[in-house]
Structures are given as structure tokens and as C-alpha cells.
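Q: Handing you this structure, nothing more for now.
The values are calculated or read from the model by the stated rules, or taken from the named source; none is laboratory data. None of the values given here were measured: they were computed from a predicted structure. Virtual Cβ from ideal backbone geometry, glycine too; neighbours counted across all protein chains shown. Areas reflect the complete protein model, heavy atoms only, side chains present, ligands, DNA and RNA absent. Shrake-Rupley method; radii C 1.70, N 1.55, O 1.52, S 1.80 Å.
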Amino acid sequence: MTAIDPTAHLTAEQIEELGRELDAIRDEVIADRGEKDAAYIRKVISAQRTLELASRGVLLFSIFPPAWVLGTAGLSVAKIMDNMEIGHNILHGQWDWMRDPKIHSTTWEWDHVSPAEQWKHSHNELHHTYTNVIGKDNDLGYGIMRVDEDQKWHPFHLGQPLWNFLNACFFEYGIAAYDLELGKNLHKRRRKNPEFRARAKAVGRKIRKQVLKDYVIHPLLSGPSFLPTLAATFTANLVRNIWTHSVIMCGHFPEGVQVFERRSIKGETRGQWYLRQMMGSANISGSKAMHFMTGNLSHQIEHHLFPDLPSNRYAEVAVKVRALFEKYELEYVTGPLPKQVFSAWHKVVRLSLPNKKPAVKTPDREQELVAA
């Protein structure tokens, strides 16, 4: 929370008018989506599958260094495509309107250790509903980091740059862990909860399936290239994890992005919800290729305003959304990837240290902040 509210100049009527203007943008895209959009996602899925198959084929000969480099690079890109532009967006329901049972949020499973159903709950239902609300949004700091100056500092926070780096390297496992809400469910009594046990077993089954595919079957098929293929797959997963972690951090953690108290969303109107998404998200500027590799989450602001719109439409929507930021005198937080990554990591390091001056908090505010 910042000392000065960057939205304080807006009246209640202006906020609701902003909401109506954003509704109109969404309605326009929904009315216009059609075969061109459907052809886009089918083409992307086909390209990803072709690239992954070809890359795994090349890795059968990964005992030779050129094959290892080529196969590892291709598999890394294929895994990023699977998780970002395809899996993440399909699971958001962006393509459900096609009524294609093979490309639908209720049937899609992705190359990730977190089961799709559990991810949809923690991400779609919790993160997108409670974006950047401390104590409600598990994506905010992933439950292991201090994310605001007003949160009470503990010596544990000195290690958060390290925790964040390790989380980046093994990001898919970190996501699976906070999808399970391990922080609160590892208590002895909670561990016995049938619902938690069922979800934990589902994650275990998904992990075994992923490990079997990536680290047993494919390397065994490589014969004499077993160890190089094993190393290549590990490297591809590492590249995918660090890339996705970086993109997501840039979407909610750079300087200038706002965080919110739980009490601030009581009685929240649609216009106020839209405004929180605008102030709680940040974009990444760059080329079309960069936008594609981020799953169009480089348009994080637009994604949070319209999470169910086809991702290939975010670029055109961004022009209209940015115009509304200017109209209502709001800061549109954006910048090149290196700048946003540096900003996010600077904030991680800064908040790992105790405040120079103690923050002034009311008892109610302290109770909210301690939860995070």
C-alpha cells in the first residue's frame, strides 16, 4: 500500500463510468471473435506439438553436442509455448466459445506438475478475484516473500532473494505447492483433511507422470544418449521455469504496482474491481515474438481486465485500455523485459531488509498484514 492513493482523484461516478467503458471494450471483442481466432489457436497448438516432437527426436542423438544444443533449445521453446500461450490461456476459458472438446478449459491438461483443476481454482478463482490483495492472493509473493513495507519484517525475510531464485528454478513445483496451500495445510490436523489428502494425491500422481515422461521414458528411448537427453530435459524444464517465473513477476511485482488490504475490497463494485486490476498489474513492452513467448501475459493489465478474452486480441485491446489510463490520469506501468525484471528483483531485495523507519499501523491493519 502506498502512502498516497494514485486513484484518490477519481470520484465514485468516474470509477463506474470507467467500468462501463471497459465492459464496452470486452463486449466488442466478444462480438467480433470468430474463425480467425480459432484458426490462430489451432495453428499454435499444431506448431507446438510439431516442435516438441522434432526436438525430442533430435535429442535421441544428443550424445553429439550439436544435436544436444538444437534439441534442448527446441524443447525449451516448446515447453514455454505449452505453458504460456496454450495451457494458461486455454485453462482460463479463452477458447471455450469454440465448443471444441479438445481445446476446452474443462478437458485440457498441460505439461506441468500442477493438475489443471487445482491450478484453475488457485489461479482463476483466487488470484484473479483477489489480485494483489495481501492475505488473499497466493500469487502475491507466493506465500514466501514480504511484498509490502507495512508487513512486519522477520529475519526470515533476509533470505527472500534466495527463496525467490529457488522458486524460479523449480517454479512448476512451487506453483503445485501453493495450489495445495501447503503453508496452512501442513498442520497435523489439516493434513488429515480428506479434501486436502485427495488434492495432495492428485499432485503426486501428476508429478510421477511428468517425471516418468521427462526423466525415464524419453531418456531410455535415447539409448546411448540417455544421460545427455536427461540433462537436456532438465535444462529445458529449468529454462521454462525461469522464463515463466520472470514473466509473472514482471506482471505484479515491479515498482509502481499497487497492493491492497483485505478490508479495501469489501463491497467492491465492478468499476472498483476493474480499477484494482489496472493498478495491481504491469505490462512488458517488446516485439510480437516476445509477446507470443510470454503467452501474451506481457499484456498483463489487459489480461487481468479481460482474462477470458482470446490472448491474440490483447495487443489491439491494449491501445484502447492505455487510452483510458490517460483519460483518467492513471499510471500505465510498463517497460522492456530487462527493466521490469530489474524492478521486480530490486523490490524483492529491498523488502528483504527491515524498514529504515517503522511503519505506523492500526491493530486491524497489523492483523491483515501478518497473514501474508
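Q: Per residue, what accessible area does the chain have, given a 1.4 Å probe and all protein chains present, in Å²? Write down the numbers at each step before the final one.
A: Numbers: 17740 Å² over 372 residues.
Normalised by residue count, the accessible surface of the chain is 48 Å².
Q: Still on this structure: In degrees, nearest 10, range 0 to 90: what is the angle between the Cα axis of helix 35-58 and the longest Cα principal axis of the chain?
A: So the inclination is approximately 50 degrees.
Q: If I fit a long axis through the Cα atoms of helix 12-32 and take the longest principal axis of the Cα atoms of the chain, what angle between them do I get, 0 to 90°, rounded to 10?
A: That works out to roughly 30 degrees.
Q: Could you check the spin-label model distance between Arg350 and Val216? Points 7 Å from the Cα along Cα→Cβ, value in nm.
A: Label at Arg350, label at Val216, 4.7 nm between them.
Q: What relative contact order, as a whole-number percentage, does segment 1-149 give when Cα pairs under 8 Å and 6 or more residues apart are counted?
A: On the way: 97 pairs, mean separation 19.9, N = 149.
Across segment 1-149, relative contact order equals 13 percent.
Q: Over all pairs of distinct alpha carbons, what does the Kirkwood formula give as the hydrodynamic radius of segment 1-105, in Å?
A: 17.4
Q: Something else: Could you give the nm distance between label points at Ala198 and Ala31, where each point is 7 Å from its Cα heading toward the beta carbon?
A: 4.3
Q: How long is the gain from Cys169 to Thr106 if the chain were fully straight, where each residue apart is worth 0.36 nm and the alpha carbon distance is subtracted?
A: Working: separation 63, 0.36 × 63 = 22.68 nm, distance 2.88 nm.
Separation in residues times 0.36 nm, less the Cα-Cα distance, equals 19.8 nm.
Q: Can you work out the FRET efficiency for the pair Leu238 and Lys43, with r the C-beta to C-beta distance and R0 = 30 Å, to the nearest 0.05? Working shown, then result.
A: Working: r = 28 Å, r/R0 = 0.93.
The formula returns an efficiency of 0.60 here.
Q: Another one. State the extension gain, in nm to one decimal, for the chain segment bounded by Leu162 and Arg322, taking 0.36 nm per residue of separation less the distance between their alpha-carbons. Display every interim value, and only then the final one.
A: Values: separation 160, 0.36 × 160 = 57.60 nm, distance 3.52 nm.
Separation in residues times 0.36 nm, less the Cα-Cα distance, equals 54.1 nm.
Q: Could you tell me what percent of the accessible area of segment 42-162 is made up of carbon and sulfur, with a 1.4 Å probe and every protein chain present? If you can, show how the numbers build up before the last one.
A: Values: 3310 of 5000 Å².
Solvent-exposed carbon and sulfur of segment 42-162 make up 66 percent of the total.
Q: Right, here's the next one. Whole-Hz Karplus ³J(HN,Hα) for segment 78-85, in order, using 6.51 cos²θ - 1.76 cosθ + 1.60 and θ = phi - 60°, x for Gly and Pro?
A: Coupling constants for segment 78-85: 4, 5, 5, 4, 4, 7, 8, 6 Hz.
Q: May I ask you to compute the full-extension gain from Glu331 to Lys152, defined as 0.36 nm times their residue separation minus their alpha-carbon distance, rounded to one decimal in nm? All intermediate terms of the calculation are to be shown ahead of the outcome.
A: Numbers: separation 179, 0.36 × 179 = 64.44 nm, distance 2.77 nm.
Extra length available between Glu331 and Lys152 comes to 61.7 nm.
Q: In degrees from 0 to 90, rounded to the nearest 10, what is the angle of the helix 270-279 Cα long axis to the longest principal axis of the chain?
A: In the chain, helix 270-279 runs at an angle near 70 degrees to the longest axis.
Q: Name the most mobile residue of Met249, Met98, Met293, meaning the one with the largest mean-square fluctuation, in a Gaussian network model of the chain with Cα contacts below 10 Å.
A: Met98
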